[in-house]
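Comments concern the structure below.
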Amino acid sequence: MTTVSDAARSAAITAPGPRSKRKRGRVGSTGSRAAYVYVAPFFVLFAAFGLYPLIYTGWVSLHNVNLENLHHSSWVGLHYYTALWSNHFFLNALRNTITIGIISTVPQLCMALGLAHVLNYKMRGRTFFRVAMLMPYATSVVAGTLIFAELFGRDYGLINWVLHLFGMQHVNWVNGTRWQSQIAIAAIVTWRWTGYNALIYLAGMQSIPTELYEAASIDGANRWQQFWRVTVPSLRPTILFTIVISTIGAMQMFAEPYLFAGDGTTNGGGQHQYQTLALFMYQQGWTNFHLGQAAATAWTMLGIIIVLVALNAGLTRLRVRRG
């Protein structure tokens with residue numbers, strides 16, 4: 001009996017009473033409230049500058065809204081969305097966006113993968129080369145585009161001077177053919193983003209276990225075979241990420257073609273040969289004052305981005321399953 005009573009007394013002493021439970025509940029509720037207070041500024045800013053403009057843009061895309069008279073609007077439904085696909089300038093901008101995106105993204109990611117593979121080996125000055133690769137990304141897009149506009153100048157540009165040394169005629173990169181102008185735009189994008197993607201690939205390569213390379217070398221694989229059999233398969237998620245980011249960036253390309261023209265217009269060349277979707281949207285909203293058409297273009301761009309990203313993800317998953 002004595003043992004049972006002692007055990008009961010000790011259990012009664014150690015068991016938390018109702019007051020301690022209330023204190024813990026108050027402390028927990030206070031902590032959760034403090035957490036909501038800390039994260040509240042983000043949600044307030046997101047609602048003010050992200051969610052509200054998104055919803056308002058969707059509302060504008062369904063109305064006939066003119067920039068000169070914002071307070072008067074009329075319901076048009078999906079008229080602007082359907083009219084886009086019969087608009088020659090929209091289809092031309094869509095085609096230009098896709099072609100510039102392809103000829104800038106593919107070389108860019110291939111060169112970034114090669115540079116990352118080289119810098120992944122032990123070599124002198126690795127830190128210097130890594131910082132140097134990131135400098136184009138840190139440079140202002142305005143400054144970089146203006147410099148490239150001078151390099152691609154028709155009469156006194158460095159590129160045409162080099163072509164002249166090889167006996168070739170000067171190329172009018174700004175108002176020349178479609179491919180000439182788009183190659184110049186793609187060169188600007190490639191120069192700016194190659195180093196950024198190379199550092200992303202380099203970070204992914206450094207997370208690959210060294211045992212895989214050791215096992216491959218024991219099996220007799222050289223460095224090129226190790227790159228294709230070990231590095232590239234291990235970097236598939238990273239490569240998919242860079243493809244998605246590059247696709248989104250290509251669909252939103254605005255500064256490079258806008259500043260490359262140098263005339264302050266949004267036509268994208270004399271024949272609209274490098275007018276992108278972003279330039280077309282800006283032209284509809286702030287040059288022609290058709291905010292409804294511009295908003296519909298913006299939402300259409302969002303839909304195209306979602307479709308392209310889903311397509312890339314689906315193809316990657318299919319390859320992984322087959323592999």
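Points worth noting:
- Span-rule helices in the chain, defined as complete DSSP H runs reaching 30 Å or more along the axis (Cα) with Kyte mean at least -0.5: 18-46, 88-119, 178-206, 291-322
- Length gained on full extension, PHE89 to ASP219: 41.1 nm, using 0.36 nm per residue less the C-alpha separation.
- Whole-Å distance, taken between Cα centres, linking the stretch 205-284 and the stretch 290-323: 16 Å
- Using the Cβ-Cβ distance between LEU78 and TRP286 with R0 set to 22 Å, the FRET efficiency from 1/(1 + (r/R0)^6) comes to roughly 0.40.
- Centre-to-centre separation between the Cα atoms of the stretch 149-196 and those of the stretch 64-100: 32 Å.
- Here the residues TRP191, TRP173, ranked from fewest to most Cβ neighbours within 10 Å of their Cβ, fall in the order TRP191, TRP173.
- Computed [θ] at 222 nm, deg cm²/dmol, the chain (DSSP H ≥ 4; -39,500 (n - 2.57); rounded to nearest 500): -23000 deg cm²/dmol
- Cα-based shape type of the stretch 146-243, given that a ≥ b ≥ c are square roots of the gyration tensor eigenvalues and the cut on a/c is 1.5: prolate
- Filtered trypsin sites (Lys or Arg not before Pro), the stretch 140-235: DSSP coil and at most 16 other beta carbons within 10 Å: ARG154
- Residue order, fewest to most surrounding Cβ atoms within 10 angstrom, among GLU214, GLU68: GLU68, GLU214
- For the chain: rounded, prolate or oblate by the Cα gyration tensor [a/c cutoff 1.5]: oblate
- Length gained when the stretch ASN312-ILE102 is fully extended (0.36 nm per residue, less Cα-Cα span): 74.2 nm
- FRET efficiency for ARG229 and ARG126, using Cβ-Cβ distance with R0 set to 25 Å, rounded to 0.05: 0.55
- Mean separation of Cα pairs under 8 Å and 6 or more residues apart, divided by the residue count, gives the stretch 209-281 a relative contact order of 21 percent.
- Fewest-first ranking of TRP224, TRP299, TRP59, using other Cβ atoms within 10 Å as the exposure measure: TRP224, TRP59, TRP299
Rule-based calculations on the coordinates, nothing more; no lab input. Remember, it's a predicted structure, so these values are computed and weren't measured experimentally. Cβ: placed from backbone, ideal geometry, glycine included. Neighbour counts: every protein chain shown.
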